[in-house]
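Student: First, the structure itself, so that you have it in front of you.
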Amino acid sequence: MMKLIQLTMKFKLYGITLACALGLMLVLALGLWCLMTFRVNGPVYQEIEMNQNVVADVLPPPMFIIEAYLIIQEADATKSTTRLKKLQNRFITLEADYHGRYQHWKNSLPENEINKSLLQDSYVPAMRFFDIARDSYFPMRESGQHDAASAILHGALQNAFAEHRQAISKTVELAQTQTAQIEAETARRVTFWIQTMIVISLLSVIALTLLITRMRAIEEAIIQSEKMNTVAGLAAGMAHEINSPLAGVVQSAQVVLNRVSPELAANCSAAEESGTRMECIQSYLTRRGIREMLEGIRASGQRAAEIVASMVSFSQGPGAQADNSVLSELVDHTVELAQNDFDPKRPVDFRSIELVKDYDQKLSKVPCRASEIQQVLLNLLKNAAQAMADRGVRSEPPRITLRTTQIGNTARIEVEDNGPGMPRAMRRRIFEPFFTTRESLGGTGLGLFVSYFIITRNHHGTIAVESIPGVGTKFSLTLPLAGKT
Amino acid sequence: MVPAPIRVLVVDDDIAVLRSLTAFLEDENFDVLSTNSAKEALNILAIETIDLAVVDVRLREMDGEELILRAHAGRPTTKYVVYTGSLNYQAPASLAIAGVTQANVVYKPARSLSAMADDIRRIAGGT
């Protein structure tokens, strides 16, 4: 069961790690894609650049046609035939230049609205302008029809030129609008992707933080478990090694006490053979307080043996068989035991403590050794109750909350108090053997040590503690619901 | 006035344990032999008629379980008590052949030697 929990935990960790890695990779990929898309000379840049080129080409508008128009106006103003001829030649060059430019646009510009406006809408009136100038205006001037030519200039020619200019203006406007649109669109896209990257980065960082926190918690639990196993091994080894010499001490004391007793016939005869009587020996032993001291040796040896025994009490054989227990009944029964258990050395007044019971009535029966679970619960209840003495003056009354719940395939028991709580340093050590805060009250510091192994080793469950100084402490036990592994 | 005393062999490599247990059982009117050597114990068990042997698990030459099995092969009527300082010791199934079950295991230090003497009487008596 423990393995299963570890396994699902492992998968969760892998999941979070994978999410982190994917998130970071996504951010990297997006970043690269953005760089590629929006970089100088990238596709978006080129699109903008091209429109700017169109605008640059037409703004200032193609000089050829404007110059041609000015030339015709100048020609109209002059009467000199040589001057007129010169201007006409210049006009022919300009027309050729315009066609050249037009061919360049036609070949280099892709098909779109702007180019259509440039290549068709402005081209048609331009052609008309050049045609009229070439075929009507200059021939009329050559034939001396200055007035008729002037009329054409101010009529058809001017109209064609104006129409061409209008088309050019429209082209510029279109190009500018489109560029502005593309720029706005680009800005929007860049903003969107940067925001997306920030969100993904943040999520990845959150996942990573979660991962690190979980890892640290698991690491702490593993260290705890290793530490406890080391100590348990040490305790078991020590128990074995120390019990033989303790047997020597305890047994020898018992034998000596036996052999100074007047009730044993062998003692009396040995005394007489030694020239004395048991009464004399008795009197001597009483005067010198020797019997009490022998009893002291036996009792101390016995006490040491009991400490050793309680250190390894959780591992004493198969013990009672696991039964299916209703946890709420088990908890209630333990509360009764705690209330009736009066230890003069460690007085606990349960009446002054409010008991809150929050049981999950749907919780299935839990396979466990009831007596062991009761031992653990009794220990937790007593610890909580005794800690209340140190909680100081607080507005809320002392309270112990008992909860049972089902989480997945495990049953969970919580014993929560609103006592003084523990600082972190203490919380980390409470499961260690002989760690006690109530030396003066006769605590041995073995209660939680033994509880730890009853839960983890005998029941394949978990025991954990949360505590906030000044707020309280919560112990959580989990026991697997399915059969033991 | 009394039937023949129960003959007990105590085997333990801890001299203080051996000596005090032997002394106590003598005071309780057992006929007691003792040794701290597993090999010597095997000899005694082969030569003498021993009703019950109190055997420590950890001995120098061989462990107590082996001692019991070897002694049982030669003297199937001898009963045994396992006396061990290992609190999680469980009588192994292999010892059942020699009549040793969990009821024959006493943990060190015995809380009361009188109670242990009673156990020995009960087990030696075959009940």
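Student: Considering only segment A:170-187, state which residues are touching a residue at least 60 places away in the same chain (Cβ under 8 Å) and of a type in the set (S, T, N, Q).
Tutor: A:T171, A:Q176, A:Q178, A:T179, A:T186
Student: Further, regarding this structure: Touching a residue at least 12 places away in the same chain (Cβ under 8 Å) and either closer than 27 Å to A:R438 by Cβ or of a type in the set (A, V, I, L, M) (or both): is that true of A:S371 in this structure? Steps first, please.
Tutor: Working: touching a residue at least 12 places away in the same chain (Cβ under 8 Å): yes; either closer than 27 Å to A:R438 by Cβ or of a type in the set (A, V, I, L, M) (or both): yes.
It is true that A:S371 is touching a residue at least 12 places away in the same chain (Cβ under 8 Å) and either closer than 27 Å to A:R438 by Cβ or of a type in the set (A, V, I, L, M) (or both).
Student: Then there is this: Consider segment B:1-48. How many of its residues are within 14 Å of chain A (Cβ to nearest Cβ) and either assigned to a helix (DSSP H, G or I) or without any contact (Cβ under 8 Å) to a residue 12 or more places away in the chain (or both)?
Tutor: So the answer is 14.
Student: Scan segment A:287-315 and report the pairs whose first residue is under 28 Å from B:N88 (Cα atoms) and whose second residue is part of a helix (DSSP H, G or I) and of a type in the set (D, E), with Cβ atoms within less than 8 Å and a gap of 6+ or a chain change.
Tutor: A:F314/A:E372
Student: Oh, and also: Going by what's in this entry, would B:S94 be described as in contact with a Leu (Cβ under 8 Å, 6 or more places away or on another chain), in a helix (DSSP H, G or I) and among the small types (G, A, S)?
Tutor: Considered against the rule, which asks whether it is in contact with a Leu (Cβ under 8 Å, 6 or more places away or on another chain), in a helix (DSSP H, G or I) and among the small types (G, A, S), B:S94 comes out as yes.
Student: Given the conditions (1) more than 60 Å from the chain's Cα centre (by Cα); (2) in a helix (DSSP H, G or I); (3) modelled with pLDDT under 85, and given that A:G144 satisfies all but one, which numbered condition is not satisfied?
Tutor: For A:G144, the exception is condition (2).
Student: Can you tell me how many residues within segment A:260-283 are closer than 16 Å to B:E26 by Cβ and either hydroxyl-bearing (S, T, Y) or loosely packed, with under 14 Cβ neighbours inside 10 Å (or both)? Write out each step before concluding.
Tutor: Within segment A:260-283, the subset closer than 16 Å to B:E26 by Cβ is A:260-261, A:263-270.
Those left that are additionally either hydroxyl-bearing (S, T, Y) or loosely packed, with under 14 Cβ neighbours inside 10 Å (or both): A:261, A:263, A:265-266, A:269.
Adding up the residues that qualify gives 5.
Per-residue answers, yes or no, for (1) at pLDDT 90 or above; (2) farther than 16 Å from A:V250 by Cβ; (3) among the charged types (D, E, K, R):
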{"position": "B:V11", "(1), (2), (3)": "yes, yes, no"}
{"position": "B:L21", "(1), (2), (3)": "yes, no, no"}
{"position": "B:N36", "(1), (2), (3)": "yes, yes, no"}
{"position": "B:D51", "(1), (2), (3)": "yes, yes, yes"}
{"position": "B:R75", "(1), (2), (3)": "yes, yes, yes"}
{"position": "B:V81", "(1), (2), (3)": "yes, yes, no"}
{"position": "B:N88", "(1), (2), (3)": "no, yes, no"}
{"position": "B:T101", "(1), (2), (3)": "yes, yes, no"}
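Student: Can you name every residue in segment A:87-121 that is at pLDDT below 85 and among the polar types (S, T, N, Q)?
Tutor: A:Q103, A:N107, A:S108, A:N112, A:N115, A:S117, A:Q120, listed by residue number.
Student: Spot the failing condition for B:V106; the list is (1) within 14 Å of chain A (Cβ to nearest Cβ); (2) surrounded by fewer than 20 Cβ atoms within 10 Å (Cβ to Cβ); (3) more than 21 Å from B:A38 (Cβ to Cβ), and only one is missed.
Tutor: So the condition that B:V106 fails would be (3).
Student: For the list (1) closer than 29 Å to A:A236 by Cβ; (2) among the small types (G, A, S); (3) crowded, with 18+ Cβ neighbours inside 10 Å; (4) more than 14 Å from chain B (Cβ to nearest Cβ), I need the number of the one condition that A:G296 fails.
Tutor: (3)
Student: Quick one: is B:L69 touching a Leu at 6+ places or on another chain (Cβ under 6 Å) and outside any loop (DSSP other than H, G, I, E, B)?
Tutor: Criteria not met by B:L69.
The values are calculated or read from the model by the stated rules, or taken from the named source; none is laboratory data. Everything quoted here is computed from the prediction, not taken from an experiment. Glycine gets a Cβ as well: all are built from the backbone with ideal geometry, and neighbour counts include every protein chain shown.
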